[in-house]
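The values are calculated or read from the model by the stated rules, or taken from the named source; none is laboratory data. For clarity, every value in this text was computed on a predicted model and none was experimentally measured. Here Cβ is always computed from backbone atoms with ideal geometry, including for glycine, and neighbour counts include all displayed protein chains.
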Amino acid sequence: MTQARQTTTDGRHAPMLGDHLAMDLLNTEARVEGTAVDYWQHEDEVLAWLARYGIAPVARLDKTERADLLSKAKTLRAAARRLVGQSKDGKVGDASALHALNAYLQAYVTAPRLQRDKQGKLSLARTACSGTVAALLGPVAEAVSDLLIEGDFTLVKQCEHPDCVLWFYDRTKAHKRRWCSMATCGNRFKAAQFRQRNQGAVRE
C-alpha cells in the first residue's frame, strides 16, 4: 500500500468537531483527501490551537520555551492517543503513557483566587502559578484525565467514513452519531453509496 504523504496545516484550522478537548487534541493529526496532516509543525500552530480554547500564555514565551512547547505538546498528544485508544478497546492504559500524562498534571500548579464578575458576584478561580509551558498544556492534560476517569467510552467514537480518522464524543440525544461532521464525511459517504447504487442499476 502506498504510504500517505505527510503535510501540514495551520493550527487555527485544525478541526473542532470532537465535542471534547481531549478528542480535539487527537484530531490535531488527521487525514485530508488521503494525505496525513499534522496541524502542529511549529510552536505558533500550537499556540493558535490553544487560543481557540481560551488558553493563552500570561507572558511572552522565550525561544527555549517556544521550542519546548512544540515538543511537549506532541508528547502529550502521543500519550493521550495511546491511553484513549486503549481505554476504547477496554484495555488498561500502559504505564509509560500514564507516567507521561502524570508528568503534565504534576507540573501544572495552580492556586485559588477570588474574583468578581461584572455584577460584583464573587467566585473562586484557579490561577496557574507554574511555568509558562506547564500552564499552557496543563488544562489539556486535565481534559484528557477527565475523559479517562469520567468519560463513557461507548460514546468515544471515530468517524465511520473509511478515509477519516477523527475522534468525537457522541453527545447526541440518541447517541447514534456516526460522522465527525454530517456536512463533510456524512454527505461524502452518502454520495458514494448513491453512486454505487446507480452504477449497479445501470449494469443490470
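Tabulated results
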{"item": "Qualifying residue in the stretch 116-137 (condition: within 18 Å of ASN27 (Cβ to Cβ) and hydrophobic (A, V, I, L, M, F, W, C))", "result": "yes"}
{"item": "Residue that is farthest from ALA22 (Cα to Cα), among those in the stretch 78-95 that are out of contact with any helix residue (DSSP H, G or I) (no Cβ under 7 Å at 6 or more places or on another chain) and not in a loop (DSSP other than H, G, I, E, B)", "result": "ALA95"}
{"item": "2 or more residues on the phi > 0 side of the Ramachandran plot and free of Cβ contacts under 8 Å to residues at least 40 places away in the same chain: qualifying strands (runs of 3 or more DSSP E) within the stretch 103-190", "result": "none"}
{"item": "Residues of the stretch 162-184 satisfying the condition of being modelled with pLDDT of 90 or more and under 17 Å from PRO15 (Cβ atoms)", "result": "CYS164, VAL165, LEU166, TRP167, PHE168, TYR169, ASP170, ARG171, ARG177, ARG178, TRP179, CYS180"}
{"item": "Residue list for the stretch 66-82, restricted to those being more than 12 Å from LEU137 (Cα to Cα) and over 15 Å from the mean Cα position of the chain (by Cα)", "result": "ARG66, ALA67"}
{"item": "Filter pass, ALA67 being closer than 18 Å to SER130 by Cα and among the aliphatic types (A, V, I, L, M)", "result": "yes"}
{"item": "Total residues in the stretch 87-97, condition surrounded by 16 or more Cβ atoms within 10 Å (Cβ to Cβ) and at pLDDT 95 or above", "result": "2"}
{"item": "Residue selected from the stretch 105-134 under the condition surrounded by 13 or more Cβ atoms within 10 Å (Cβ to Cβ) and of a type in the set (S, T, N, Q), by the criterion modelled with the lowest pLDDT", "result": "SER130"}
{"item": "Test result for ARG82, exposed (fewer than 14 other Cβ atoms within 10 Å of the Cβ) and of a type in the set (Lys, Arg)", "result": "no"}
{"item": "In the stretch 30-77, the residues that are buried (at least 18 other Cβ atoms within 10 Å of the Cβ), among the charged types (D, E, K, R), closer than 20 Å to HIS20 by Cβ and without any contact (Cβ under 8 Å) to a residue 40 or more places away in the chain", "result": "none"}
{"item": "Set ALA100, ALA125: member being more than 23 Å from VAL58 (Cα to Cα) and among the aliphatic types (A, V, I, L, M)", "result": "ALA100"}
